[in-house]
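Contents: one structure, followed by commentary.
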Amino acid sequence: PKVILLDLKMPKVDGIEVLRKIKSDERKKIIPVVVLTSSKEERDIVESYKLGVNAYIVKPVDFDKFVKAISEIGFFWLLLNQPPK
């Protein structure tokens, strides 16, 4: 994948643990990870960045704003960002 969108608040798996596994795998750790979550908790933000997340975005509650945010994330990471080859 060109980018991974990761929610920290998933029903069965802790997003921080998923991030930890992604960033510890040599084949996957170069893939940009964008946390897109409802958590504004400082400990979640700090831990995510310590583990190597590339961006941390708090999900907008309003549906139209959420759709716009996803569109802008996709535009940046898929079209503007230049990943290593």
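The values are calculated or read from the model by the stated rules, or taken from the named source; none is laboratory data. Source: prediction; values computed, not measured. Here the Cβ is made from the backbone with ideal geometry for all residues, glycine too, and neighbour counts use every protein chain on show. With ligands, DNA and RNA removed, areas are computed over all heavy atoms of the protein, side chains included. Shrake-Rupley method; radii C 1.70, N 1.55, O 1.52, S 1.80 Å.
Structure notes:
- Between the amide H of residue 57 and those of 35, 36, 37, distances stay under 5 Å, these residues lying 5 or more places away or on another chain, with hydrogens modeled in the peptide plane.
- Solvent-accessible heavy-atom area per residue, rounded to whole Å², over the chain at 1.4 Å: 71 Å²
- Between residue 4 and 33, 34, the built amide H atoms are under 5 Å apart, and every one of these is 5 or more places off in sequence or on another chain.
- Annotation: the antiparallel percentage among DSSP beta bridges lying fully within the chain is about 10.
- Residue-averaged 222 nm ellipticity for the chain, from DSSP H runs of 4+ at -39500 (n - 2.57), nearest 500: -11000 deg cm²/dmol
- Accessible surface of the chain, 1.4 Å probe: 59 percent of it comes from carbon and sulfur atoms.
- Pairs from 21/68; 28/68; 28/85; 23/50; 9/40 whose Cα-Cα separation, in the structure shown, is over 21 Å: 21/68; 28/68
- Label selected from (i) 1.40; (ii) 0.96; (iii) 0.99, the criterion being Rg/Rh (Cα atoms, Kirkwood Rh) as computed here: (ii)
- For region 1-78, the set of GluC sites (Glu not before Pro) satisfying both a DSSP loop assignment and a count of at most 14 other C-beta atoms within 10 Å is given as 26, 41.
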